Amino acid sequence: MNGVSGRMGYRQHLVRSILAIREQGGVLLADGETRVQVEPILVGRSEKKLADLAAKHGIEHWTTNLDEAIADPRWEIYSDFLVTKARAAAIKKAIAAGKAIYTEKPTAESFEEALELAKLAADAGVKNGVVHDKLYLPGLQKLKRLIDSGYFGRILSVRGEFGYWVFEGDWQPAQRPSWNYRAEDGGGIIVDMFPHWNYVLENLFGRVESVYAKAVTEIPERVDEQGQRYQATADDAAYAIFELEGGVTAQLNSSWTTRVNRDELVEFQVDGTHGSAVVGLFGCKIQPRNATPKPVWNPDLADEHDYAGDWIESPGNREFQNGFKEQWEEFIRHVVEDAPNEFDFLAGARGVLLAEEGLRSNAEGRRIEIPVVALDAPVETVEVPGDASELTGAR
């Protein structure tokens with residue numbers, strides 16, 4: 001486990017996934033009886049941090065030498081939670097060593113490199129997976145059930161709001177690391193969030209066929225972890241329209257410079273001919289066609305109708321696990337008994353491509369069509385002005 005001292009690597013992948021799996025006695029396999037147990041080795045740059053984490057959680061193995069860990073046949077899966085700039089080089093080492101690989105996204109800094117990782121893994125025959133955590137959220141799983149049941153009729157549109165206020169770091173510490181706001185370090189909300197939006201949209205509604213995006217840097221100067229002021233060179237807000245196969249239009253706003261006035265930090269509204277739904281991380285409210293009110297526009301009179309009261313809370317009907325843990329269990333089954341795994345490096349490359357083309361759309365001020373991504377797709381480098389100076393896409 002490389003990068004476990006970071007926020008996501010520690011909280012979601014180590015504590016809430018691998019250690020939780022170890023505590024429950026391992027992963028139950030398809031026969032319903034056999035369990036496979038997990039044993040982590042922690043990898044990072046700081047001996048003190050690794051030693052402290054190992055002692056705190058009863059972990060026997062840790063090292064600052066990634067090459068030795070990758071070369072050791074005891075460790076069958078390499079998992080990567082590094083900053084994006086460092087990820088591809090480490091994954092290539094793991095591919096060369098024949099390890100199964102599970103990684104955070106984006107899988108690389110460029111689509112060209114992300115597609116290369118997918119090709120290298122396919123050629124080497126190594127199993128690979130990319131985190132798709134949003135699909136495992138209770139709210140989105142309830143939404144998926146509504147879609148599969150035909151509740152919406154014909155889906156017309158998707159509107160999403162994501163974000164919250166990230167403090168500048170002066171009078172209150174920022175709740176995100178400073179590299180997120182430096183383009184030269186792989187930061188930016190498009191690079192961070194568009195890979196998420198790609199897999200959410202394509203797995204729930206259909207492949208993304210085009211993007212029109214506007215990216216902005218609302219806060220030009222921030223304060224880092226050492227109290228030093230720095231120039232924010234990456235976008236901290238993005239507004240995008242995605243056209244999906246089947247004629248669905250999705251409009252998604254992503255911002256680290258907005259104050260929350262919604263039930264959850266992310267919220268999607270899906271409208272269909274037979275009904276609508278509003279979902280978040282956990283909640284799911286529905287309004288079917290036969291329970292839809294009939295508003296009349298009249299700006300001269302105060303509207304006292306309780307529109308929020310017209311929505312019905314959709315039941316869960318099952319117990320939901322931590323999404324990171326659930327996907328980890330699926331990937332372990334994929335490695336051990338060849339269970340299905342659709343969230344691979346190629347899926348990760350599609351997310352990187354959407355981020356690149358989103359940046360390109362912003363730079364050129366126009367709608368960009370998104371090609372189908374395949375392992376045998378040729379790669380062409382596209383020159384555009386501004387910070388997005390080398391964007392790539394399969395053509």
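Some observations on this one:
- Arg45 being open to solvent by 80 Å² or more (accessible area, probe 1.4 Å), more than 21 Å from Asp133 (Cα to Cα) and at pLDDT below 95: yes
- Residues of region 80-91 include none that is open to solvent by 30 Å² or more (accessible area, probe 1.4 Å), at pLDDT 95 or above and among the β-branched types (Val, Ile, Thr).
- Neighbours by Cβ (under 7 Å, 6+ apart or cross-chain): first from region 231-243, surrounded by fewer than 15 Cβ atoms within 10 Å (Cβ to Cβ); second modelled with pLDDT of 95 or more: Gln231/Pro220; Gln231/Glu221
Conditions tested, residue by residue: (1) of a type outside the set (D, E, K, R); (2) part of a loop (DSSP other than H, G, I, E, B); (3) touching a Ser or Thr at 6+ places or on another chain (Cβ under 6 Å); (4) crowded, with 19+ Cβ neighbours inside 10 Å.
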| position | (1), (2), (3), (4) |
| --- | --- |
| Gly129 | yes, no, no, yes |
| Gly139 | yes, no, no, yes |
| Ile147 | yes, no, no, no |
| Trp179 | yes, no, no, no |
| Gly206 | yes, yes, no, no |
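- Residue within region 182-193 that is out of contact with any helix residue (DSSP H, G or I) (no Cβ under 6 Å at 6 or more places or on another chain), farther than 25 Å from Ala277 by Cβ and among the acidic types (Asp, Glu) present: yes
- Against the numbered list (1) surrounded by 16 or more Cβ atoms within 10 Å (Cβ to Cβ); (2) farther than 30 Å from Thr103 by Cα; (3) in contact (Cβ under 8 Å) with a residue 40 or more places away in the chain; (4) not hydroxyl-bearing (Ser, Thr, Tyr), Arg289 comes up short only at (1).
- Selection from region 303-318 of residues that are open to solvent by less than 90 Å² (accessible area, probe 1.4 Å), out of contact with any Cys (no Cβ under 7 Å at 6 or more places or on another chain) and in a loop (DSSP other than H, G, I, E, B): His305, Trp311, Pro315, Gly316
- Cross-chain or 6+ apart pairs with Cβ under 8 Å, region 93-121 first and under 20 Å from Glu68 (Cβ atoms), then among the charged types (D, E, K, R) and assigned to a loop (DSSP other than H, G, I, E, B): Lys99/Glu76; Ala100/Glu76; Ala100/Lys127; Ile101/Lys127
- Residue check for Gly227: of a type in the set (Gly, Ala, Ser) and farther than 26 Å from Gln141 by Cβ: yes
- Leading residue by the ranking (most open to solvent (accessible area, probe 1.4 Å)) among those in region 244-265 that are part of a strand (DSSP E or B) and out of contact with any helix residue (DSSP H, G or I) (no Cβ under 8 Å at 6 or more places or on another chain): Gln251
- Extreme residue, nearest to Leu82 (Cα to Cα), among residues of region 1-42 that are of a type in the set (Gly, Ala, Ser), within 23 Å of the chain's Cα centre (by Cα) and open to solvent by less than 50 Å² (accessible area, probe 1.4 Å): Gly3
- Some residue of region 319-340 being under 18 Å from Ala100 (Cβ atoms), open to solvent by less than 50 Å² (accessible area, probe 1.4 Å), of a type in the set (Gly, Ala, Ser) and modelled with pLDDT of 90 or more: yes
- Lone unmet requirement of (1) among the β-branched types (Val, Ile, Thr); (2) open to solvent by 30 Å² or more (accessible area, probe 1.4 Å); (3) under 28 Å from Tyr10 (Cβ atoms) for Val372: (3)
- Some residue of region 234-252 being hydroxyl-bearing (Ser, Thr, Tyr), touching a strand residue (DSSP E or B) at 6+ places or on another chain (Cβ under 6 Å) and closer than 27 Å to Gln172 by Cβ: yes
- Whichever residue in region 92-126 is touching a Gly at 6+ places or on another chain (Cβ under 7 Å) and among the aliphatic types (A, V, I, L, M) and, among such residues, is most open to solvent (accessible area, probe 1.4 Å): Ala124
- Scope region 160-175; condition open to solvent by less than 30 Å² (accessible area, probe 1.4 Å) and part of a loop (DSSP other than H, G, I, E, B); matching residues: Val166, Gly169
- Region 99-132, residues that are within 30 Å of Asp271 (Cα to Cα) and modelled with pLDDT of 95 or more: Val130, Val131, His132
- In the condition set (1) within 30 Å of Arg11 (Cβ to Cβ); (2) not in a helix (DSSP H, G or I), Ile332 is compliant with all but (2).
- With respect to the stated conditions, Gln226 fails to be touching a residue at least 12 places away in the same chain (Cβ under 8 Å) and open to solvent by 50 Å² or more (accessible area, probe 1.4 Å).
- Breaking point among (1) assigned to a strand (DSSP E or B); (2) in contact with a His (Cβ under 9 Å, 6 or more places away or on another chain); (3) of a type outside the set (Asp, Glu), for Ser157: (2)
The values are calculated or read from the model by the stated rules, or taken from the named source; none is laboratory data. Predicted, not measured: the structure shown is a model, and the values here were computed from it. When we count neighbours, we look across all protein chains shown, and the Cβ atoms used for this are built from the backbone with ideal geometry, even at glycine. Just the protein is used for accessible areas: all its heavy atoms, side chains included, with ligands, DNA and RNA removed. Shrake-Rupley method; radii C 1.70, N 1.55, O 1.52, S 1.80 Å.
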